[in-house]
Amino acid sequence: MNKLDMTGLTTMPAQVWGGIRLVPLVREEPVDGLRLHHKIYGGYGDVQVGPRTHYLSYIPHGFVADWSGEGGRSAAYGTQLGDARPACVPVRRHHRMAKRRSAKGSTEDRLRFLPLHLALEGYLALHFGGPSVVWDEWSQQAVRQGLSPRAEDAYAGWQVRGLGDALRIFEIHPDQCGVLVYAADSLAAAFVVPHPADYRALHPSLLEDLYGELVHQYAYFGGPVPDFEARIRDSPHLRTIADLRAAARAQERTWAEDHDTLFAGRLLDPSYHFERVYRMGSFSLWRFLPPFRRGEPEQHIGEVITDHKGRVAYLKTFRLSEAQVRRGHLLNRLHDHDWHLGRTAEALGTSYLDLVRRIRAAGFESLLNEHGVALATSAEPAHGRTAPPACSA
């Protein structure tokens with residue numbers, strides 16, 4: 001599995017509000033055997049990622065995937081009895097990014113996970129351990145602690161200009177199970193669920209999701225985008241209402257094909273690296289990373305639930321900025337060459353000094369041992385660099 005299989009989802013005409021374009025995705029048939037529910041947290045959570053490792057984070061909401069076949073009987077989010085205000089939510093303890101639900105000593109066929117945390121954790125933990133060999137150029141911090149702590153900036157959906165209004169006035173189709181969000185006609189995020197009722201309940205959660213810095217800038221500085229309208233030219237073949245309806249359907253198909261090829265092509269075409277996080281009966285929860293190729297203008301990370309045929313039942317993506325892609329590319333190349341600066345520079349077709357400059361520009365300067373770098377630099381000819389003599393312990 002290296003690509004997203006969107007079989008069963010059909011693209012519908014877009015709806016535009018200012019610089020935001022929302023493209024609905026509909027299913028002819030809901031995904032059988034899987035439902036997705038919203039779980040509100042709205043506070044800080046203590047997330048345990050290991051026996052003695054945890055962190056405190058604001059967690060706006062979570063999702064619960066239900067493959068028990070009884071998901072249709074669950075109450076929708078927001079349902080409550082009586083007029084009393086719900087109690088304040090204290091700090092909650094979350095054991096993992098994805099945890100199977102249990103009740104009364106038995107394990108349920110339900111899995112709680114935090115949307116986009118799986119995807120972002122996969123990116124932030126990319127080669128998190130740091131150098132695997134103690135070369136002289138790496139600091140003791142790099143050897144002992146790796147890339148910890150590592151952080152990336154993101155914006156909440158309500159901070160993206162125009163997104164709140166676009167979602168509020170958006171007309172949801174009867175069979176809609178997903179949406180593609182564009183800012184200044186650049187794909188910002190994809191969101192897919194297994195059932196139309198799930199989408200109606202989770203549609204507002206797009207405002208609580210995270211969006212990259214690039215998306216925030218496009219929405220803030222970009223102008224209004226044009227709406228694509230179906231234009232049917234007069235023809236002797238158009239004699240009845242049925243002919244006119246058929247011509248309109250043809251325009252919709254043309255728009256869908258053009259959209260999937262031109263607009264969403266960079267989401268569907270690249271070969272991703274998938275990591276299975278959890279198996280849920282005949283479904284699997286994955287997170288995926290892009291190839292981190294430099295020069296490609298659009299790359300996404302994300303999480304996806306697929307059925308036994310590999311088709312997408314749930315999808316949520318986060319678009320990386322060019323700087324984030326460069327960091328991922330640099331870490332992959334260092335890892336491929338055992339974090340040896342000389343061999344990595346040679347593979348990248350650049351000089352040793354330029355690679356050191358890239359590491360510093362990427363924000364990893366604290367990982368370098370300045371004394372080791374200076375010694376390696378002094379041993380190299382001034383016109384260019386090859387692999388310096390390395391020491392390991």
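The values are calculated or read from the model by the stated rules, or taken from the named source; none is laboratory data. Nothing here was measured: the structure is a model prediction, and the numbers come from that model. As a convention, Cβ positions derive from the backbone with ideal geometry for all residues, glycine included, and neighbour counts pool all protein chains shown. Heads up: the accessible areas ignore ligands, DNA and RNA and are worked out on the full protein's heavy atoms, side chains in. Shrake-Rupley method; radii C 1.70, N 1.55, O 1.52, S 1.80 Å.
Rundown of residues vs (1) modelled with pLDDT of 80 or more; (2) surrounded by 13 or more Cβ atoms within 10 Å (Cβ to Cβ), yes/no style:
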residue	(1), (2)
65	yes, yes
89	no, no
109	no, yes
113	yes, yes
117	yes, yes
121	yes, yes
126	yes, yes
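Can you say whether residue 198 is acidic (Asp, Glu), surrounded by fewer than 17 Cβ atoms within 10 Å (Cβ to Cβ) and outside any strand (DSSP E or B), as far as the supplied structure shows? When the stated conditions are applied, residue 198 does not pass them.
Residues that are farther than 17 Å from residue 218 by Cα and either touching a strand residue (DSSP E or B) at 6+ places or on another chain (Cβ under 8 Å) or touching a residue at least 60 places away in the same chain (Cβ under 8 Å) (or both) within segment 318-330 comprise just one, 328. Beta carbons closer than 6 Å, at least 6 apart along the sequence or on distinct chains, never pair a first residue in segment 269-298 that is at pLDDT below 85 with a second that is surrounded by 14 or more Cβ atoms within 10 Å (Cβ to Cβ) and assigned to a strand (DSSP E or B). One residue stands out in segment 201-210 among those that are in contact with a Gly (Cβ under 7 Å, 6 or more places away or on another chain) and aliphatic (A, V, I, L, M): the one that is least open to solvent (accessible area, probe 1.4 Å), namely 206. If you filter segment 211-222 down to residues that are modelled with pLDDT of 90 or more and open to solvent by 30 Å² or more (accessible area, probe 1.4 Å), you find that the one that is nearest to residue 186 (Cα to Cα) is 218. Pull up segment 137-182, narrow it to residues that are open to solvent by 20 Å² or more (accessible area, probe 1.4 Å) and of a type in the set (Val, Ile, Thr), then point me to the one that is modelled with the highest pLDDT. Among residues in segment 137-182 that are open to solvent by 20 Å² or more (accessible area, probe 1.4 Å) and of a type in the set (Val, Ile, Thr), the one modelled with the highest pLDDT is 172. When segment 247-261 is filtered for residues that are surrounded by 14 or more Cβ atoms within 10 Å (Cβ to Cβ) and either more than 19 Å from residue 21 (Cβ to Cβ) or touching a Leu at 6+ places or on another chain (Cβ under 6 Å) (or both), only 247 remains.
Quick check: is even one residue across segment 304-311 of a type in the set (A, V, I, L, M, F, W, C), under 28 Å from residue 149 (Cβ atoms) and open to solvent by 60 Å² or more (accessible area, probe 1.4 Å)? Scanning segment 304-311 turns up no residue that is of a type in the set (A, V, I, L, M, F, W, C), under 28 Å from residue 149 (Cβ atoms) and open to solvent by 60 Å² or more (accessible area, probe 1.4 Å). Residue check: is residue 134 touching a Cys at 6+ places or on another chain (Cβ under 9 Å) and open to solvent by 30 Å² or more (accessible area, probe 1.4 Å)? Against the criterion (touching a Cys at 6+ places or on another chain (Cβ under 9 Å) and open to solvent by 30 Å² or more (accessible area, probe 1.4 Å)), residue 134 qualifies. Within segment 124-176, the set of residues being closer than 19 Å to residue 201 by Cβ, of a type in the set (Val, Ile, Thr) and in contact with a helix residue (DSSP H, G or I) (Cβ under 8 Å, 6 or more places away or on another chain) comprises just one member, 172.
Among the residues of segment 1-39, write down those that are open to solvent by less than 60 Å² (accessible area, probe 1.4 Å) and of a type in the set (D, E, K, R). Hits for segment 1-39 are 5, 21, 27, 35.
Every residue in segment 345-379 that is open to solvent by less than 70 Å² (accessible area, probe 1.4 Å), part of a helix (DSSP H, G or I) and free of Cβ contacts under 8 Å to residues at least 12 places away in the same chain, please. Matches in segment 345-379: 354, 374. Scanning segment 201-241 for residues that are assigned to a helix (DSSP H, G or I) and of a type in the set (A, V, I, L, M, F, W, C) yields 201, 202, 206, 207, 214, 215, 219, 221, 241.
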